[in-house]
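Novice: I'd like to ask some things about the structure below.
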Amino acid sequence: MDTSDITEGAPFWQPHISAWQQSGLTQKAYCEQQELRYSTFGYWVRKLRRAAEPATEKKVAGFVPVIPATVQPAGLILSLPNGLEIRGIATETLPLVKQL
């Protein structure tokens, strides 16, 4: 962020932004009332908010660790009364299940 740009424009825009916040008007209505360019006003609102954010809150690009989820077996599970389970029953394994 160019700090010289902020120090040059902030003395003009900061009082307008404070007055707008206290006015209860929308940004657009405030700009019309004060004969300010709406897009420039919005630009300065965002720019001064970002400049006021603590450095710890700024987002940093980087990598996030990825933890794979537990893989569940595909297909159906056949649970027999004696506690035996046959897992992964699918169309292609159905002939094998019939043989069991």
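Novice: Exactly one condition in (1) part of a helix (DSSP H, G or I); (2) surrounded by 13 or more Cβ atoms within 10 Å (Cβ to Cβ); (3) at pLDDT 75 or above; (4) not hydroxyl-bearing (Ser, Thr, Tyr) is false for LEU25; which is it?
Specialist: LEU25 satisfies all of (1) part of a helix (DSSP H, G or I); (2) surrounded by 13 or more Cβ atoms within 10 Å (Cβ to Cβ); (3) at pLDDT 75 or above; (4) not hydroxyl-bearing (Ser, Thr, Tyr) except (1).
Novice: Right, here's the next one. Please work out if LEU100 is modelled with pLDDT of 90 or more and of a type in the set (A, V, I, L, M).
Specialist: Working: modelled with pLDDT of 90 or more: no; of a type in the set (A, V, I, L, M): yes.
No.
Novice: Could you tell me how many of the residues in the range 46-90 are at pLDDT below 75 and β-branched (Val, Ile, Thr)?
Specialist: Summing the residues that are at pLDDT below 75 and β-branched (Val, Ile, Thr) in the range 46-90 gives 4.
The values are calculated or read from the model by the stated rules, or taken from the named source; none is laboratory data. This structure is a prediction, so every number in the text was calculated from the model and none was measured. A quick note on method: Cβ atoms are made from the backbone with ideal geometry, for glycine too, and the neighbour counts reach across all protein chains shown.
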